[in-house]
Amino acid sequence: MALLEVDNLHVYYGQIHALKGITLHVDPGEIVTLIGANGAGKSTTLKTISGLLRPQQGRITLSGEDLAALPAHDVVAKGVVQVPEGRRIFGQLTVHENLLMGAYIRAERNGVETDLARVFTLFPRLKERRSQVAGTLSGGEQQMLAIGRALMSQPKVLLLDEPSMGLAPVLVEQIFETITGINRLGTTVLLVEQNAYMALHIAQRGYVLQTGEIALSGSAAELQANAEVRKAYLGG
Amino acid sequence: MAATIVAARIRRSWFQRLSVIDLFLWGFRAAVLAAVVVGTFATLRSGRYAGEVWLDFLIFGISQGSVYALIALGYTMVYGILRMINFAHGDIFMCGAYTAFYAATALHRAGLFNRYPPLSLAVILVVAMATAVSVALLVERVAYRPLRRAPRLVPLISAIGASFFIEYAVRGLYGSGFQAYPEFEVFKGKWNVFGVGILRTQAVVIVATVILMTLLYLFVMRTRTGTAMRAVSEDMEVASLMGINVDRIIVITFAVGAAAAGAAGVLYALVFKQVHFFMGFYPGIKAFTAAVLGGIGNIPGAMLGGLFLGLFESVGPILVLDGLGIVAPYQLKDVIAFTMLVMVLIFRPSGILGERLAGKKA
């Protein structure tokens, strides 16, 4: 059974029909990617799953439990957490405080300490800078912090919105490696990317979004081989 | 040759950029500066006031500033999170002071007031803070929360409405007269601190403020809820993506600010010994000035701004205006306070400690 299921999702921004019946699912342990052009509705889909936007129609379920009616903070408590586009770390809080905010929903001290140590082994850079104000980190470090912060809530499903945006090519590769690593440790990932090449490289399956609709779906290999996808998103 | 042409062009553009408004502002700056310098010089040369008098003004300024700072915290914390000026905050301060008055007279009548002064003061503080918090939460629920997604002007208007509502509700309930606060016998007269005589009420105000400020600072900087508050004030949407219940944090913010205002109400009443349904207006506006002065949204800024404003207001009239030959300068202390507000808004809108808001929240 699918872990996260989105069924016939319709979302409007005022008069604009942004999502026109999106249906997708993510199985446990998978990396699934959503690719598509600017304005296709990728971020909107993630925002709706996270409870920041209310769908007019459609269902979002996690292991069969309905998420669509929950406010954003309860969606996190259910185990779906998002790393938002543009990192959006808390720039005036320290690295350590940012990570603690990621663990806000958790009451047990010991577990949080263990996870803090785990994030620090994943990103040793953050450990060096733990008492530094997060706004002074470099772009790559901020992305690490944003991912680390999300992991602190022990998510079942990690939603990543454009994690490679604005990063140097070396760092992009590093971030995708990290995502694969996190996935291997048991976290299911739904990845939104403009960098379709890298996204299809690490994902098992993918969906192509076009103006609010799913135009194509299939295994990563199928999509990589698809002529239209190659032309539109992979540069030939 | 080419270099001189370029230089001429630069000079011209600099000159062209100088608008009438710039000239006016520079003139305004110069005029205020000249008035301050001339006035101060004249006052000091006349030697009309002895060192002791200055000390009294200074201490009065600090105690007055403490009260402003306590109220300013509420403005600044709410602004930090909602980017909204809670104009009913001065009236929440008044509600605290007014209920404290009823608690104080009840204790007085029971004969407990002067028998156990510290305990009575504690009881009065708790009553005042509890009332202020309840009123603030009610206002938040009824007047602000339904408008959270409305354009920013809308909750501002609602805040002004709430302010009038509270004022005239209190007037209707308790009348429009001044009510005299009972005085603590132990707080009459002066204490001698390092050879300096300090009015006891003012000392109590200063000590209580220092304690409350320290507690509040520790709460905001060291606790999980405090950290969440700072997170929400930076990015509400992402805070909710971290599982933070933003509405709850907003409620806590209103509650903490109101508790500080309630305590300020008691301290204010200790010094001025009377309460009135309209008493929240001026301290409210002054505290708002203090918050802007320190950099609105910034908690240490509110503390600093309050202190500065209190000092300017108490020392300024004598130091500056007296030297300019103005009769009864003390009546013009509000002029000094609001001139400062205007100056800050024109020349440093971000305040003493604030950063440029445009870059942060645009």
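The values are calculated or read from the model by the stated rules, or taken from the named source; none is laboratory data. Everything quoted here is computed from the prediction, not taken from an experiment. For neighbour counting, all protein chains shown are included, and Cβ atoms are generated from backbone atoms with ideal geometry for every residue, glycine included.
The figures follow:
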{"read-out": "Any hit, region A:61-68, residues being within 9 Å of another protein chain (Cβ to nearest Cβ), surrounded by fewer than 16 Cβ atoms within 10 Å (Cβ to Cβ) and without any contact (Cβ under 8 Å) to a residue 24 or more places away in the chain", "value": "no"}
{"read-out": "Residue satisfying all of: in region A:46-60; away from chain B (no Cβ under 14 Å) and of a type outside the set (Lys, Arg); nearest to A:Leu159 (Cα to Cα) among these", "value": "A:Ile60"}
{"read-out": "B:Val205 in contact with a Ser or Thr (Cβ under 7 Å, 6 or more places away or on another chain) and either among the β-branched types (Val, Ile, Thr) or modelled with pLDDT of 90 or more (or both)", "value": "yes"}
{"read-out": "Given (1) closer than 24 Å to B:His276 by Cα; (2) modelled with pLDDT under 85, index of the condition B:Phe165 fails", "value": "(2)"}
{"read-out": "A:Leu116 more than 28 Å from A:Ala199 (Cβ to Cβ), more than 13 Å from chain B (Cβ to nearest Cβ) and crowded, with 18+ Cβ neighbours inside 10 Å", "value": "yes"}
{"read-out": "So A:Val76, is it surrounded by fewer than 20 Cβ atoms within 10 Å (Cβ to Cβ), within 12 Å of another protein chain (Cβ to nearest Cβ) and either over 17 Å from A:Ile179 (Cβ atoms) or modelled with pLDDT under 95 (or both)", "value": "no"}
{"read-out": "Matching helices (runs of 4 or more DSSP H) fully within region A:132-236 where at least 1 residues are modelled with pLDDT of 90 or more", "value": "A:139-151, A:169-184, A:196-202, A:220-225"}
{"read-out": "Selection count, region A:83-106, where residues are on the phi < 0 side of the Ramachandran plot and either of a type in the set (Val, Ile, Thr) or touching a residue at least 60 places away in the same chain (Cβ under 8 Å) (or both)", "value": "7"}
{"read-out": "Scan of region B:28-57 for residues that are loosely packed, with under 13 Cβ neighbours inside 10 Å and within 30 Å of B:Val210 (Cα to Cα), ordered by number", "value": "B:Ala50, B:Gly51, B:Glu52, B:Val53"}
{"read-out": "Within region A:88-102, tally of residues that are of a type in the set (A, V, I, L, M, F, W, C), facing chain B (nearest Cβ under 7 Å) and more than 10 Å from A:Val133 (Cβ to Cβ)", "value": "2"}
{"read-out": "Of all residues in region B:211-235 being of a type in the set (A, V, I, L, M, F, W, C) and in contact (Cβ under 8 Å) with a residue 24 or more places away in the chain, the one that is farthest from the other protein chains (Cβ to nearest Cβ)", "value": "B:Leu212"}
{"read-out": "Among the candidates B:Ala169, B:Ala203, B:Ala162, residue that is on the phi < 0 side of the Ramachandran plot, hydrophobic (A, V, I, L, M, F, W, C) and loosely packed, with under 15 Cβ neighbours inside 10 Å", "value": "B:Ala169"}
{"read-out": "Subset of region B:111-144 (residues that are basic (Lys, Arg) and either more than 18 Å from B:Phe165 (Cα to Cα) or surrounded by 14 or more Cβ atoms within 10 Å (Cβ to Cβ) (or both))", "value": "B:Arg115"}
{"read-out": "Answer from B:Gly297, B:Gly265, B:Gly305 - the residue that is among the small types (Gly, Ala, Ser), in contact with a Ser or Thr (Cβ under 8 Å, 6 or more places away or on another chain) and under 19 Å from B:Ala88 (Cα atoms)", "value": "B:Gly297"}
